[in-house]
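K.L.:
Sharing a structure, written as structure tokens. Questions coming.
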Amino acid sequence: MLAGFLITPRDATYTAEARLYVGSRSIDVDQAGEVSNDRLTGLGFLANSYATMLSTRTAAEQALAASEVSLTVDEAERAITAFAEPASLLITMRVVHADPSVARDLANGLADSFVTLLRDQESQLALPSDADVPPPVSVFEHAVLPTTPEPSSLFRNLILSAMFGLLVAIAVVVLLEYLDLTIRSADDAQHRLQLTALGAIPLDSRLVRG
């Protein structure tokens with residue numbers, strides 16, 4: 001339990017979330033007015049790819065430049081997580097930090113800088129006929145200032161460490177009992193040696209006290 005108490009961070013942290021939308025007006029529509037399944041599959045793949053890109057060092061550097069928060073690149077990279085929402089074209093970005101304003105500003109800086117980064121890359125690869133096509137990602141929702149800290153995992157870690165310590169203690173007791181070869185009685189000797197005891201010398205309690 002002491003180990004669980006020591007390894008658990010006890011400083012309050014805040015989580016800010018921003019969301020990106022993957023898609024543009026260039027999405028294919030068939031004659032029935034429905035979105036092409038192939039196009040949706042491709043956009044879903046893009047969403048997962050963009051979520052991976054958002055967790056890279058390059059994205060962290062761009063977010064720091066856009067938000068101007070006082071963090072190192074390594075600290076920003078550790079604070080950022082991103083994932084594609086299941087069965088949707090949304091990407092959620094989360095920033096966890098002890099300062100709620102830092103978490104919000106870094107999340108919004110990440111969202112804005114990532115859209116700009118993709119727009120620049122798309123413009124370099126675009127054909128002249130695609131000049132008016134918007135980038136495949138846009139900011140759907142900016143982060144707001146978080147007001148409620150994340151719940152502490154101290155109680156859970158204490159319970160887990162106590163259960164683990166109990167299991168280890170039981171295992172050690174069983175192991176010591178298994179390795180103990182001390183013969184304490186005639187029955188114990190017969191059981192261990194598989195021989196019949198011919199006699200036993202009683203223990204003189206006076207000698208033990210002496």
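K.L.:
Would it be correct to say that Thr81 is at pLDDT 90 or above, of a type outside the set (Gly, Ala, Ser) and under 30 Å from Ile159 (Cβ atoms)?
P.N.:
Considered against the rule, which asks whether it is at pLDDT 90 or above, of a type outside the set (Gly, Ala, Ser) and under 30 Å from Ile159 (Cβ atoms), Thr81 comes out as yes.
K.L.:
Is it true that Arg184 is part of a helix (DSSP H, G or I), at pLDDT below 80 and basic (Lys, Arg)?
P.N.:
The answer is no for Arg184.
K.L.:
Another question, then. Report, by residue number, each residue of the range 54-64 that is closer than 15 Å to Arg94 by Cβ, out of contact with any Gly (no Cβ under 7 Å at 6 or more places or on another chain) and in a helix (DSSP H, G or I).
P.N.:
Leu54, Ala59, Ala60
K.L.:
What are the residue pairs meeting all of these: first residue in the range 12-31, first residue closer than 13 Å to Gly44 by Cα, second residue assigned to a strand (DSSP E or B) and at pLDDT below 85, Cβ atoms under 8 Å, and 6 or more apart or on different chains?
P.N.:
Close Cβ pairs satisfying both conditions: Ile27/Val35.
K.L.:
Looking at the structure I just gave you, is Leu160 surrounded by 10 or more Cβ atoms within 10 Å (Cβ to Cβ) and modelled with pLDDT under 70?
P.N.:
For Leu160, the condition - surrounded by 10 or more Cβ atoms within 10 Å (Cβ to Cβ) and modelled with pLDDT under 70 - is not met.
K.L.:
Looking at Leu106, Leu110, Leu46, which one is modelled with pLDDT under 90 and assigned to a helix (DSSP H, G or I)?
P.N.:
Criteria check complete, one pass: Leu46.
K.L.:
Condition first: among the small types (Gly, Ala, Ser) and within 18 Å of Ala111 (Cβ to Cβ). Now tell me which residues in the range 65-86 satisfy that.
P.N.:
Matches in the range 65-86: Ala65, Ala66, Ser67, Ala76, Ala79, Ala82, Ala84.
K.L.:
Look at Asp120 and say whether it is among the acidic types (Asp, Glu), in a loop (DSSP other than H, G, I, E, B) and modelled with pLDDT under 90.
P.N.:
It is false that Asp120 is among the acidic types (Asp, Glu), in a loop (DSSP other than H, G, I, E, B) and modelled with pLDDT under 90.
The values are calculated or read from the model by the stated rules, or taken from the named source; none is laboratory data. Note that the structure is a prediction, hence the values are computed from the model and not measured. As a convention, Cβ positions derive from the backbone with ideal geometry for all residues, glycine included, and neighbour counts pool all protein chains shown.
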